[in-house]
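Student: Questions regarding the structure given below will be posed in turn.
Taken together, the values in this text are just the output of simple stated rules run on the coordinates, not laboratory data. A quick note: this is a predicted structure, and the numbers were derived from the prediction, not measured.
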Amino acid sequence: MNIEELQAALSGLGVSPDNYVLRVNGDINDSASFISCYSVVTGTNNGNNVESSDKSLIPVTWDQITAKDTELKSDASKVAYKQQRLEEYPNFGEQLDYIYHHGIDKWKTDIVDPVKTKYPKPS
């Protein structure tokens with residue numbers, strides 16, 4: 001897991017970025033690497049974060065992080081097809097012209113169905 005994925009999972013679990021500092025060197029791929037890169041912010045002093053070395057203060061577990069990461073990726077893949085379809089379809093003007101010259105049924109067969117087949121809606 002990279003830092004962006006870790007931050008997204010933490011945010012999805014309700015952990016505010018104000019409450020932690022991550023010091024990442026490479027990917028985070030297990031509980032030990034997660035715990036070693038995570039520092040809990042316990043307050044501020046003259047505008048600087050005060051961090052605790054007490055790892056028991058980490059509010060989430062690695063299992064919760066990986067579950068949330070899987071959920072977020074699944075959610076993203078469920079809507080990715082919409083963007084792919086939008087990019088694949090001709091613009092509205094071209095589609096309306098095609099309908100005018102060839103009819104709705106031909107438009108569905110020639111334009112809509114191939115795109116829906118190429119980028120199916122996830123179940």
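Student: What is the Cα coordinate range of the range 14-67 on the first, second and third principal axes, sorted by size from largest, in whole angstrom?
Tutor: 35, 23, 18
Student: Give me the angle, in degrees from 0 to 90, between the Cα long axis of helix 62-88 and the longest principal axis of the Cα atoms of the chain, rounded to the nearest 10.
Tutor: 20 degrees
Student: Then there is this: For the chain, what does the equivalent ellipsoid look like in terms of its semi-axes, each the square root of 5 times an eigenvalue of the Cα gyration tensor, given largest first in whole Å? The partial results should precede the final answer.
Tutor: Details: eigenvalues 473, 46, 20 Å².
Semi-axis lengths for the chain are 49, 15, 10 Å.
Student: Can you compute the radius of gyration and Dmax for the range 59-103, using only the Cα atoms, both in Å?
Tutor: Radius of gyration, then largest Cα-Cα span, for the range 59-103: 19.5, 62 Å.
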